[in-house]
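Take a look at the structure set out below.
The values are calculated or read from the model by the stated rules, or taken from the named source; none is laboratory data. Remember, predicted model here, so these are calculated numbers, not experimental data. Positions of Cβ are generated from backbone atoms using ideal geometry, with glycine treated the same way; all protein chains shown enter the neighbour counts.
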Amino acid sequence: MEAVVLLGPPGAGKGTVATVLAENGYRHVSTGELLREQIRLQTPLGREAGQLMAEGKFVSDAVVVGMIRGMLEPSATGTRVLFDGFPRTLVQAEQLDDLFTILGGSLSAVVLLECPDEVIVERLSGRRTCQKCGAVYHLKYNPALSGERCDSDGSELEQRLDDRAETIRERLKVYAEQTAPLVDYYRKKGLVRAVDATQSIDNVRHAVMELLG
Ligand code: AP5
């Protein structure tokens, strides 16, 4: 297994870049999506995670690493995995290293999407998501052709609970405290490739594809 980590603040465009990489052979693993699936299924984990996510706080390292471990074991060899939203704490990063040791994989790059807070607030407040398939739109930068419905399946678009203004502020604070230190962690390993994520969607996707060859 060869893996790439997409790192960057909430709303920097990780999911948007991931869709293109998924079309180019990467297996897209988004811990946010995995957790939202648990919320949709109304599992005990989903109920617990939903509360934390609505407040902009992180789900515990043990729960998140457990989910990742469960996903990776069946497909350990010959795959290219793209982690989106994981790892998000130093503990998660260290445990991912341990998983690679166990499974025989390695991290080939950490793509850092750099984006200032004011751009993030505009992106998150204008984001709309398909409640059925999870497709992501933006009212201004990536509108659905049909306005308020998903282009793929016609389902209604909705605003994520954690995209409310007060929750966005909390998410940015938590990112700065708990996730930003990962940049140094991976810089020391020589893995960080920074991209200016304030560019247009097409330009950011192109830049990331170039970086990853
Ligand atoms: P998660 O779903 O991972 O959220 P996030 O990291 O906060 O990232 P987002 O999905 O909000 O943004 P994104 O960077 O993917 O941007 P997007 O492409 O959508 O996690 C949610 C929650 O789950 C966390 O807060 C936490 O509670 C929990 N969780 C998840 N993983 C965890 C973990 N490992 N440990 C603990 N807890 C965890 O783009 C945003 C908008 O901008 C869209 O509308 C898009 O169309 C638009 N856009 C994108 N790129 C551009 C561009 N270049 N120009 C203009 N508009 C753009």
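Picking from ALA3, ALA22, which residue would you name as being under 16 Å from the mean Cα position of the chain (by Cα), surrounded by fewer than 19 Cβ atoms within 10 Å (Cβ to Cβ) and of a type in the set (Gly, Ala, Ser)?
Among ALA3, ALA22, only ALA22 is under 16 Å from the mean Cα position of the chain (by Cα), surrounded by fewer than 19 Cβ atoms within 10 Å (Cβ to Cβ) and of a type in the set (Gly, Ala, Ser).
State which residue is farthest from the ligand (Cβ to nearest atom) when the search covers only segment 78-96 and only residues that are buried (at least 21 other Cβ atoms within 10 Å of the Cβ) and assigned to a strand (DSSP E or B).
LEU82
Could we say that LEU72 is in a strand (DSSP E or B) and in contact (Cβ under 8 Å) with a residue 40 or more places away in the chain here?
So LEU72 does not fit the description; no.
Of the numbered conditions (1) more than 13 Å from the ligand (Cβ to nearest atom); (2) touching a Lys or Arg at 6+ places or on another chain (Cβ under 7 Å), GLY56 fails exactly one; give the number of that condition.
Condition not satisfied by GLY56: (1).
Go through (1) within 10 Å of the ligand (Cβ to nearest atom); (2) in contact (Cβ under 8 Å) with a residue 60 or more places away in the chain for VAL63 and report which single condition fails.
(2)
Out of all the residues in segment 48-68, is one or more among the acidic types (Asp, Glu), under 14 Å from LEU99 (Cβ atoms) and not in a helix (DSSP H, G or I)?
no
Would you check which residues across segment 129-167 are under 17 Å from ALA18 (Cα atoms), more than 7 Å from the ligand (Cβ to nearest atom) and in contact with a helix residue (DSSP H, G or I) (Cβ under 9 Å, 6 or more places away or on another chain) and list them?
Those that are under 17 Å from ALA18 (Cα atoms), more than 7 Å from the ligand (Cβ to nearest atom) and in contact with a helix residue (DSSP H, G or I) (Cβ under 9 Å, 6 or more places away or on another chain): THR129, GLY134, ALA135.
Read through the list (1) assigned to a strand (DSSP E or B); (2) away from the ligand (no atom under 11 Å from the Cβ); (3) more than 24 Å from ALA176 (Cβ to Cβ); (4) of a type in the set (A, V, I, L, M), then give the number of the only condition that LEU99 fails.
Only one criterion in (1) assigned to a strand (DSSP E or B); (2) away from the ligand (no atom under 11 Å from the Cβ); (3) more than 24 Å from ALA176 (Cβ to Cβ); (4) of a type in the set (A, V, I, L, M) is unmet by LEU99, namely (1).
Tell me whether segment 132-154 contains one or more residues that are more than 15 Å from LYS14 (Cα to Cα) and among the β-branched types (Val, Ile, Thr).
no
Confirm whether VAL17 is touching a Ser or Thr at 6+ places or on another chain (Cβ under 8 Å) and surrounded by 15 or more Cβ atoms within 10 Å (Cβ to Cβ).
Considered against the rule, which asks whether it is touching a Ser or Thr at 6+ places or on another chain (Cβ under 8 Å) and surrounded by 15 or more Cβ atoms within 10 Å (Cβ to Cβ), VAL17 comes out as no.
Quick one: SER108 ticks every box in (1) part of a loop (DSSP other than H, G, I, E, B); (2) closer than 27 Å to ALA62 by Cβ; (3) more than 13 Å from the ligand (Cβ to nearest atom) except a single one, so which number is it?
Answer for SER108: the failing condition is (1).
Is it the case that some residue within segment 61-77 is crowded, with 20+ Cβ neighbours inside 10 Å, modelled with pLDDT of 95 or more and more than 25 Å from LEU211 (Cβ to Cβ)?
yes
Which ones in segment 111-125 are buried (at least 18 other Cβ atoms within 10 Å of the Cβ) and either assigned to a strand (DSSP E or B) or small (Gly, Ala, Ser) (or both)?
VAL111, LEU112, LEU113
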